[in-house]
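The values are calculated or read from the model by the stated rules, or taken from the named source; none is laboratory data. Predicted model only: the values in this text are computed from it and were never measured. Positions of Cβ are generated from backbone atoms using ideal geometry, with glycine treated the same way; all protein chains shown enter the neighbour counts. For accessibility, only protein heavy atoms count, side chains too; no ligands or nucleic acids. Shrake-Rupley method; radii C 1.70, N 1.55, O 1.52, S 1.80 Å.
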Amino acid sequence: MSRSRITGLGLHLPERVVTNAELERLMDTSDAWIVERTGIRERRFAAPGVGTTDLAAEAARMALADAGRSPADVDFIVFATITREHAFPGCGSLLQERLGIPGVGALDVHNACSGFIYALAMADAVVRAGQYRCVLVVGAEVLSTGLDFSTRGRDLAVLFGDGAGAVVVEPGPDDGPGVLAWVLHSDGAHAKDLVCEAPSSLVQGRITQQMVTAGQHYPRMNGRQVFKHATTRFPEVIHEVLGKCGHTLDEVKLVVPHQANQRIGDAVAERLGVPPQKVFQNIQRCGNTTAASIPIALAEARDLGLVGPGDLVVLAAFGSGFTWGAAALRW
Ligand code: UT7
């Protein structure tokens, strides 16, 4: 069985920059609170009518060009998002149509902030099994259209941004660069700690006026619980994935975590006992883009020269479900 490797990276951020000052005009919040509690200074919002697949297509084309491939080379798509344009079908099929590659299989992954790690793991599995040779893995979100911008929703509305990242996964040499190991976890006992309840198949018509009035179509979070579990699970899963491939933290060049909150990223560095610069963070400029945050951050880190040939890189995520996971890569 050959190893799989990432051969191309791409990202796309919408043009519109939304500062904390802009959010101050919509709800009872302040730039000082947002910066102190989250580290976020600005995020991007997609223009009206621009969908998750639109952002994804841009990132995907960039990743394919980076890999020296064209859409015609793609033989499978794995698309991680919680912000599909439609309840169904998923974004994977829409992206396949957009790229003009009829018949190519497409899998949607609905694992929120951990979605990209799950999607990358599936791509690695099908490539190593010899099933596919050029898999496009995308994380993309338009979260801004589903947030409560009144004071009621301020805890979450200030966190999120829109964007897309993509990678191309292809077979690589057994002992060269590639995906060394991954681990995936979930704990549904915490489903209600970070949830968007509506629309719901439990309800006739999927949503009622009462649910809209109560804001159940907006995400809801027990922030402190999420924070507490995230700061424990991130270091744990990073050590776990390194143990699985027989490496140690000392050998790691860069950790690229899901961008949840700068304080979480800082706490992860502290608990791992590594300098803060070893944990890449771009949340200050992008906010939390859920499934898109890791591929966006990885592409930026590579472009900044923070990741290069031979480096050991660890990707890690934690989010709704709860779900969490990590992947170790030799670059
Ligand atoms: O990708 C995974 C998704 N989520 C996360 O990773 C987020 C994890 N959690 C967090 O990042 C933090 O819990 C938050 C940033 C969401 C909140 O920070 P916190 O330090 O845990 O604050 P808190 O929830 O304990 O709230 C402190 C106060 C509350 O007011 P009172 O009750 O003390 O009067 C909140 O109502 O801050 C208030 N607050 C705000 N104030 C101004 C909550 N959101 C805001 C806001 N602006 N946007």
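Overview of results
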| item | result |
| --- | --- |
| Among Val35, Val255, Val212, residue whose mean-square fluctuation peaks in a GNM of the chain (springs only between Cα atoms under 10 Å) | Val212 |
| Long-range HN-HN contacts of Gly163 with modeled amide H, under 5 Å | Glu141, Leu143 |
| CD proxy at 222 nm, helix term only [per DSSP H run n ≥ 4: -39500 (n - 2.57); per residue of the chain; nearest 500] | -9500 deg cm²/dmol |
| Descending semi-axes in Å of the chain, equivalent ellipsoid built from Cα gyration tensor | 30, 24, 18 |
| Residue (of Ser70, Thr53, Gly188) at the positive-pole extreme of the chain, dipole from beta-carbon charges | Gly188 |
| Share, in percent, of DSSP beta bridges within the chain that are antiparallel, nearest 5 | 70 percent |
| Reciprocal mean inverse distance between Cα atoms of the range 210-331 - Kirkwood radius, Å | 15.0 Å |
| Accessible area (Å², per residue) of the range 192-331, counting only protein heavy atoms and a probe of 1.4 Å | 43 Å² |
| Considering only the range 3-172, percent of DSSP beta bridges that pair antiparallel, nearest 5 | 65 percent |
| Debye, to nearest 20: dipole size of the range 140-288, +1 on Lys, Arg Cβ, -1 on Asp, Glu Cβ | 660 debye |
| Selected from Ile40, Val167, Met27, residue furthest toward positive end of dipole (the range 3-172; charges at beta carbon) | Val167 |
| Cleavage-rule hits, GluC sites (Glu not before Pro), the range 1-66, DSSP coil, Cβ neighbours within 10 Å at most 13 | Glu15 |
| For the chain, size of Cβ-based charge dipole, Lys and Arg +1, Asp and Glu -1, in debye | 320 debye |
| Spherically averaged projected area of the range 3-172 from its Cα convex hull (nm²) | 10.1 nm² |
| For the range 39-55, Karplus couplings with θ = phi - 60° (6.51, -1.76, 1.60), whole Hz, Gly/Pro x | x, 7, 10, 7, 9, 10, 10, 5, 5, x, x, 8, x, 4, 5, 4, 5 |
